[in-house]
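Here's the structure, in structure tokens; my notes come after.
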Amino acid sequence: MTASATHRAIQAVWRIESARLIAGLTRLVRDVGLAEELAQDALVAALEQWPESGVPNNPGAWLMASAKHRAIDLFRRNKRLEHKHEELGHELEAERESAMPDLDAAIDNDVGDDLLRLMLIACHPVLSTEARVALTLRLLGGLTTEEIARAFLVAEPTVAQRIVRAKRTLSEARVPFEVPRGDELVARLSSVLEVIYLIFNEGYSATAGDDWVRPGLCEDALRLGRILAELVPTEPEVHGLVALMELQASRLRARVGPTGEPILLLDQNRALWDRVLIHRGLAAIERAKALGGERGPYMLQAEIAACHARALTAVETDWARIAALYEELAQLTPSPVVELNRAVALAMAFGPAAGLELVDQLTSEPSLKNYHLLPSVRGDFLAKLGRFNEARAEFERAASLTRNAREQHLLLERAAECARSAR
């Protein structure tokens, strides 16, 4: 294998193994920031050694072993961590006495997954909500700071500062790597749900790069969501989130064409929608309903997704109900993005002029200033109203704002179509 091929293999391994590696190391060293540093050290070691020795048969285990050895060396060298060294020595001795089990072999009886355990510590109350989400996306989702910034519609340096401060805060607070119990666990669920869905969204509609979708991230989010639903089966919103992700994931095969080009919802071949995932999503909605209580934001979004899933063709979609559900969602969790989605539903139900009226009210919203979907949606409404020159300008602006190559190409094509129609 050539050096460049080995480096590509290492990048692929890192994408798959990094979150599990950091989670296992956090369990060992009890420090999220230090765990990420050790994981990065193991990655550097792989970049140095694998081009010569070749990629090992079990690269994840190699990275874990390398990081573990570096942790032991660090504790031995650092006199300021003598107490930590003593604790680690006891743990390692206990491992030897039990035939040295693998670091990630011990499974927590309540959660059963290091990744979820790491998510719960990253969502600790000592951190702000924004820091919890950013840190978890970084450690478990494998997202770059830029991708997280675009997901939150905030500046990249702001997200970077949140992550650094979050790791420092967790370290200074000596937050234990434990599963919270009772009310404390319930209190963290809102942040955990938000994080899981943001990971899913990055997979469902990638903010940057050459791929329109990243199914691996969707699968990671679904897995974490399903585990969480087993952990807290009496929480309706957990089932609502799982339902939402199942229903949206059912469209993944239809979202891209043969060469990876994006296919928008109304143009998708619904025969490609995964009926098994749709069935799972609708069943999750029923589980949430059976628990009673008011519908939360994830449950409302799941019901919107269910409207699409139940429609065998785009024409059969109940857009009036979708618009009503978005209005209810906007009252529950006011957001310019929710309003933008409601505008789309209004346009589909009552005509593009109705949608444009609402969108025009959002053009001065600061948080949407660099959000490419605002001019994209506005351009669609203008095109349908025959205002092609204005629509072309909006599509070109949207193309300049997106960082996803596939999406940019689609928007420029739509701009060119408007230019031709205007002649």
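Some observations on this one:
- For the chain, the mean residue ellipticity at 222 nm estimated from helices alone is -23000 deg cm²/dmol, where every DSSP H run of n ≥ 4 contributes -39500 (n - 2.57) and the total is divided by all residues, rounded to the nearest 500.
- Short-range pairs are left out: with C-alpha atoms under 8 Å and at least six residues apart, the relative contact order of segment 176-294 is 22 percent.
- Distance between segment 323-377 and segment 125-178 - C-alpha centres, whole angstrom: 29
- Centre separation in Å (Cα based) which lies between segment 197-216 and segment 273-308: 22
- Nearest-ten-degree value, helix 59-77 long axis tilted from longest Cα axis of the chain: 50
- Note: relative contact order over segment 250-362, using C-alpha pairs below 8 Å and six or more positions apart, is 16 percent.
- Here the peptides 19-32, 328-341 are ranked by packing, the mean other Cβ count within 10 Å, and the order with the highest first is 19-32, 328-341.
- Candidates per trypsin sites (Lys or Arg not before Pro) in segment 221-272, loop by DSSP, up to 12 other Cβ within 10 Å: none
- Taking the chain as a Gaussian network of alpha-carbon nodes connected by springs under 10 Å, the highest mean-square fluctuation of the residues LEU43, LEU247, LEU118 belongs to LEU43.
- Helix axis angle, 373-384 relative to the chain longest principal axis, alpha carbon, degrees: 20
- Computed from the C-beta positions of ARG226 and THR158, the FRET efficiency with R₀ = 45 Å rounds to 0.90.
- Taking Cα atoms only, the orientation of helix 3-29 departs from the longest principal axis of the chain by about 70 degrees.
- Placing unit charges on each Cβ (+1 for Lys and Arg, -1 for Asp and Glu) gives the chain a dipole about its Cα centre, and among VAL256, ALA19, ILE121 the Cα reaching farthest toward its positive end belongs to VAL256.
- Sorted by Cβ density within 10 Å, fewest first, the residues GLU172, GLU394: GLU172, GLU394
- Cβ-to-Cβ counts within 10 Å put ASP318, ASP380 in ascending order as ASP318, ASP380, the fewest first.
- Length-normalised contact order of segment 318-423 in % [C-alpha pairs under 8 Å, at least 6 apart]: 19
- Annotation: the residues PHE395, PHE152, sorted from fewest to most other C-beta atoms within 10 Å of their own C-beta, follow the order PHE152, PHE395.
Each reported figure results from applying straightforward, stated rules to the coordinates on display, with no laboratory input. What you are looking at is a predicted structure, and each value in this text was computed from that prediction instead of being measured. Using ideal geometry, Cβ is built from the backbone for each residue, glycine included, and neighbour counts are taken over all protein chains shown.
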